[in-house]
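Below: one structure, written as structure tokens.
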Amino acid sequence: MKKRYVLAALAAMVVLAGCGGKASTDNTDTQNTQDAQDDSAAASMDDDELSELDPEFSQDLESNEEIDAVDDTEETALDPITPSDYLVKNASDYVTIGDYSDVEVTKYTYEITDDMVQEEIQEELESYSEEESTNAPSEDGNIVYMNLTATVDGEAGDEEETFIILGQEEYGAEFDEKLTGVSAGDQLDFSVTYGDDTWQEDWQGKTVDFKVEVTDVTKSNTPEYNDDYVKNNTDYDTKADYEAAVKENLQQSYDEQSTYDAEEELITACVAKTEFTGEYPDALFESCKEEVLSGYTMFMEDGEEVSDVLEMFGVSESDIEEEAKNLVNRRLFIAAYVQANNVEVSEEEYVDYVKEYAAYYGETAADFEALYTRETIVNAIYESKATGLLMEQAKVTEVPYTADTYGDEKSDDAENIDDMEMVEEGEAGIGE
């Protein structure tokens with residue numbers, strides 16, 4: 001199983017559990033519907049659990065078998081389940097599936113270069129860096145801590161405790177230049193005129209007056225990359241062995257990403273070739289809408305409303321409705337396809353799936369199930385099976401990835417999956 005990319009499916013799913021959303025479908029018997037709702041209501045997601053969903057988690061060079069699993073003696077038995085009870089019932093009332101044998105899919109292949117290996121190792125080295133205050137004037141790469149007040153159009157903002165890394169030009173090249181050569185205790189007053197391309201909307205096309213008090217200047221002491229570092233911080237004895245392992249791990253990661261992307265393209269194309277009546281169970285729509293909204297509430301801070309976050313992202317109520325309908329259609333399509341093709345998920349398959357991923361993420365099976373809810377886990381398993389069948393008949397073209405493919409040196413998708421993108425796309429397929 002592609003554990004790295006199960007994150008894509010589960011990140012989409014957990015938002016439903018995270019907000020205590022409904023987990024029900026039409027024509028589900030009362031007891032099963034209540035079970036699903038109880039699972040959802042019991043679910044909660046703290047910051048630590050959310051961090052486990054981050055698709056940029058560091059590459060683990062150990063085999064999956066070496067990952068710590070939950071002690072069987074602490075495992076709580078799962079309640080009995082009939083997985084099909086958690087699918088949309090009579091999905092064919094809402095969907096007419098089509099012929100998907102001519103669906104074309106592009107699957108990119110990636111060549112892992114020595115430069116990519118060294119970049120990965122450098123990121124690992126930086127994770128071991130230690131910050132140290134320096135008495136020398138600030139220079140490129142130093143971290144400058146400060147109390148900052150910005151005045152725009154004669155109106156001064158609140159003083160803010162912040163920092164910059166010189167060279168990253170977060171507030172622009174001229175701002176970095178002003179903070180180069182400074183030391184703790186220095187006070188500066190200067191102005192910077194910004195163009196329309198600055199990320200700070202309030203500063204676009206304006207001159208901003210800054211008042212800065214430097215509180216500290218630090219440097220990062222990054223370990224030297226040598227055989228001693230490898231022996232002390234990895235499971236390898238030499239740089240050569242370690243680099244070979246990094247390369248193999250990167251290749252696996254990129255291959256899994258390529259498969260994930262191809263499967264997403266396939267499902268999107270199949271949904272586009274499917275006829276929908278435009279009707280759907282009300283409970284399903286409300287569940288999907290809660291799931292979509294929860295993707296944004298992850299970014300809420302204390303005292304904020306959902307509307308504040310939506311405004312920050314430039315998302316309207318109609319956008320939310322559209323995203324929810326897209327997710328509804330995806331669920332209806334999967335339900336109709338597996339029902340038409342007699343695809344079944346057994347209780348044993350469900351339990352094995354939950355236990356496998358619970359162990360991988362260091363959860364008990366019961367906690368894992370409560371966090372993600374039965375409905376969302378069941379839909380992920382069915383979608384995985386449906387995607388496998390559809391991929392067998394799809395016309396897949398493998399294309400070597402080049403730097404010109406997306407206009408970047410490397411594919412952003414090949415490095416990580418953006419959390420919000422995962423949520424907006426809905427439940428991603430999980431392949432074997």
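Considering every residue within the stretch 131-147, establish whether at least one is open to solvent by 50 Å² or more (accessible area, probe 1.4 Å), farther than 30 Å from K273 by Cβ, touching an Asp or Glu at 6+ places or on another chain (Cβ under 6 Å) and of a type in the set (F, W, Y).
yes
Identify the single condition in (1) modelled with pLDDT of 50 or more; (2) closer than 28 Å to E375 by Cβ that D99 does not satisfy, given that it satisfies every other one.
In the conditions (1) modelled with pLDDT of 50 or more; (2) closer than 28 Å to E375 by Cβ, D99 misses (2) alone.
Given the options D228, D261, D241, name the one that is assigned to a helix (DSSP H, G or I) and buried (at least 17 other Cβ atoms within 10 Å of the Cβ). Lay out the reasoning, then the answer.
Details: D228 fails: buried (at least 17 other Cβ atoms within 10 Å of the Cβ); D241 fails: buried (at least 17 other Cβ atoms within 10 Å of the Cβ).
Being assigned to a helix (DSSP H, G or I) and buried (at least 17 other Cβ atoms within 10 Å of the Cβ) holds for just one of D228, D261, D241, which is D261.
Would you mention how many residues in the stretch 88-104 are within 29 Å of the chain's Cα centre (by Cα) and crowded, with 21+ Cβ neighbours inside 10 Å?
Number satisfying all stated conditions: 2.
When you go through V306, V292 one by one, which is the residue that is buried (at least 17 other Cβ atoms within 10 Å of the Cβ) and modelled with pLDDT under 95? Don't jump to the end; show me each part of the working.
Values: V306 fails: buried (at least 17 other Cβ atoms within 10 Å of the Cβ).
Step by step, each of V306, V292 is checked, and only V292 is buried (at least 17 other Cβ atoms within 10 Å of the Cβ) and modelled with pLDDT under 95.
Tell me which residues, restricted to the stretch 357-372, are over 20 Å from the mean Cα position of the chain (by Cα) and of a type in the set (D, E, K, R).
D367
Working only within the stretch 367-387, note down all residues that are farther than 16 Å from Y86 by Cβ and either modelled with pLDDT of 95 or more or in contact with a strand residue (DSSP E or B) (Cβ under 9 Å, 6 or more places away or on another chain) (or both).
T387 - this is the single residue of the stretch 367-387 that is farther than 16 Å from Y86 by Cβ and either modelled with pLDDT of 95 or more or in contact with a strand residue (DSSP E or B) (Cβ under 9 Å, 6 or more places away or on another chain) (or both).
Can you pull out the residues in the stretch 151-171 that are in contact with a strand residue (DSSP E or B) (Cβ under 9 Å, 6 or more places away or on another chain), open to solvent by 20 Å² or more (accessible area, probe 1.4 Å) and outside any loop (DSSP other than H, G, I, E, B)?
T151, V152, A156, E160, E161, T162, F163, I165
Which of (1) assigned to a loop (DSSP other than H, G, I, E, B); (2) among the acidic types (D, E); (3) closer than 30 Å to V117 by Cβ does D197 not meet, given it meets every other one?
Unmet condition: (3).
Could you check, for the stretch 194-205, whether at least one of its residues is touching a residue at least 60 places away in the same chain (Cβ under 8 Å), surrounded by fewer than 16 Cβ atoms within 10 Å (Cβ to Cβ) and within 34 Å of the chain's Cα centre (by Cα)? Walk me through how you get there before you give the answer.
Taking the stretch 194-205 and keeping what is touching a residue at least 60 places away in the same chain (Cβ under 8 Å), we get none.
The answer is no; no qualifying residue exists.
Check off (1) open to solvent by less than 40 Å² (accessible area, probe 1.4 Å); (2) assigned to a loop (DSSP other than H, G, I, E, B); (3) in contact (Cβ under 8 Å) with a residue 40 or more places away in the chain for V217 and give me the number that stays unchecked.
(2)
The values are calculated or read from the model by the stated rules, or taken from the named source; none is laboratory data. Just so we're clear, the structure is a prediction, and the values are computed from it rather than from any experiment. Glycine gets a Cβ as well: all are built from the backbone with ideal geometry, and neighbour counts include every protein chain shown. Areas reflect the complete protein model, heavy atoms only, side chains present, ligands, DNA and RNA absent. Shrake-Rupley method; radii C 1.70, N 1.55, O 1.52, S 1.80 Å.
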